Amino acid sequence: MEMYAILILSSFTAALISGAAGFGGALLLLPVLTLYAGAELAVPVLTIAQLIGNLSRMAFGLNQIEWKKVFLFSITAVPLSALGAFGFSISSKNTVTRVIGAALILFVILRYFRILKFNPNDKTLVLGGAVTGFLSGLAGSAGPIGAAIFLSFGLPPIAYIASEAATATVMHITKILVYGKLVNLPPNTINLGFLMGLAMIFGTYAANRFIKKMKKEVFQKYVAILLCVVGVYMLFNP
């Protein structure tokens, strides 16, 4: 009973953060879930919870989703997430996590000091979808990378959150189908994933009320700082 209470509370907190920033929930939940469910089941169960959480983020901003950007991103994200999920059981999760963390920190530094001249375009979405999809399937989550790509387009907060959630949703559906073939999930772990997902809906609702009051410029600085924090966490705590 204590395990369920901790995981549900952690899910709410994770959704509160990811609902306001567009990412970060999986990185908070994965260590806690691994502690209680084990490394083999943590990623598939987390994927179920994330699917529900991202569906709620889509729903709260449905009328502001940038569908063209979602489509271009998903063209490569979906097949590459399937490929990454296929290699999930044979890859070194620690190495992949550290690489993602270092890349995030480098990305923010280059952007902050204007060393990296980045012009958001359709090609960026397609290539970014490929990288994000593959790493998401392989490491359980690459949400910060996809978030960084969508953030660069300067979208209003709600549009940014909902659009990024739409791409995450199609990736999670793909990964669940592949994980279902790779990992034998007991019924109780599937139920746990759904309970955590329901808690994430309430966290997303609370976050949605918060970001509606935030100016776009402040919001983007907030996300950039959180990108750095997440990057450091992934680099030193894989």
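Read-outs: derived from the displayed coordinates by stated rules, not from any lab. Keep in mind that this is a model prediction, so the values were computed, not measured. Cβ coordinates were reconstructed from backbone atoms using ideal geometry, including for glycine residues, and neighbour counts include every protein chain displayed.
Tabulated values for the structure
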item: Exposure proxy order (Cβ contacts within 10 Å, fewest to most) of Ile75, Ile158; result: Ile75, Ile158
item: Pairwise label distance in nanometres, Val232 with Glu2, each label 7 Å out on the Cα-Cβ vector; result: 3.1 nm
item: Within-15-Å neighbourhood charge of Ile75 [Cβ basis; K, R +1; D, E -1]; result: +1
